[in-house]
């Protein structure tokens, strides 16, 4: 939040399936600003998730995770495991973000239940008043806009005043507007620009997944400061293909 408030671009690397301490170290050594955990499409072991998150915290890496949609029990566990930034998939209405905000914030801002001594408090005693105030300031809500319905409702969603960042899920959005996989289709571009304009209007940060730097540069010009980049599966796939191609080229 501080970097974006200063107008700086932040880049998070994605963890999709291989949630191991070395991945945290590699991403931290690469200079990533945060780690994004794909908690919607992957089947993650809860204990593995908790260990990975603890390792990320110990290495000074903030974590962003998708919620399993609007499931209070699951969201409480994410928060108490130390996940301070929640990204809500399929955000399509003001009610969606207001519900999540209510579970994300402690009273008087919301109805989050307190649970001390767990990962969220660093496994140590805390001053309750100080902790609650700090959590209400630090926890972050990201509206994941990935459907035409979400785009159409964007002003109402951001107008709630509870969203910190509007994030575009490009592939799902391209399908929803009738241009599967075509990030250059006028309908797709117009939808993203509409979200970017609404973000500026409501003083909300704007971000998206960009497959490469050229795509990122294009949207930085529209105000994007927050990017979730490649996951470890993509990086391994690309690296493996490159190495194999280079070795096979020696025999030609």
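Here are some notes:
- Subtracting the Cα-Cα distance of residue 48 and residue 214 from 0.36 nm times their residue separation leaves 56.3 nm of extension gain.
- Cβ-Cβ FRET estimate between residue 171 and residue 71, R0 fixed at 35 Å, reported to 0.05: 0.90
- Of the Cα atoms belonging to the chain, the radius of gyration and Dmax stand at 18.8, 70 Å.
- Per-peptide average of other Cβ atoms within 10 Å, ordering 171-182, 27-38 highest first: 27-38, 171-182
- Gained length - residue 138 relative to residue 243, 0.36 nm times residue gap less alpha-carbon distance: 33.6 nm
- Reducing the range 154-189 and the range 24-96 to their Cα centroids gives an inter-centroid distance of 21 Å.
- With an a/c value of 1.5 or above and a/b not larger than b/c for the gyration tensor axes a ≥ b ≥ c computed over the alpha-carbon atoms, the range 1-92 is described as oblate.
- Added length on full extension, which subtracts the Cα-Cα distance from 0.36 nm per residue, residue 2 to residue 102: 33.7 nm
- With the simple spin-label model, which puts each label point 7 Å out from Cα in the Cβ direction, the residue 124 to residue 41 separation comes to 3.9 nm.
- As a calculated quantity, the FRET efficiency between residue 29 and residue 200 at R0 = 30 Å, using C-beta atoms, amounts to about 0.30.
- Cα gyration tensor category, rounded, prolate or oblate, for the range 125-252 with a/c compared to 1.5: oblate
Values in this text are rule-based calculations from the coordinates and carry no lab data. Only a predicted model underlies this, so the values are computations on that prediction, with no experimental measurement involved. Glycine gets a Cβ as well: all are built from the backbone with ideal geometry, and neighbour counts include every protein chain shown.
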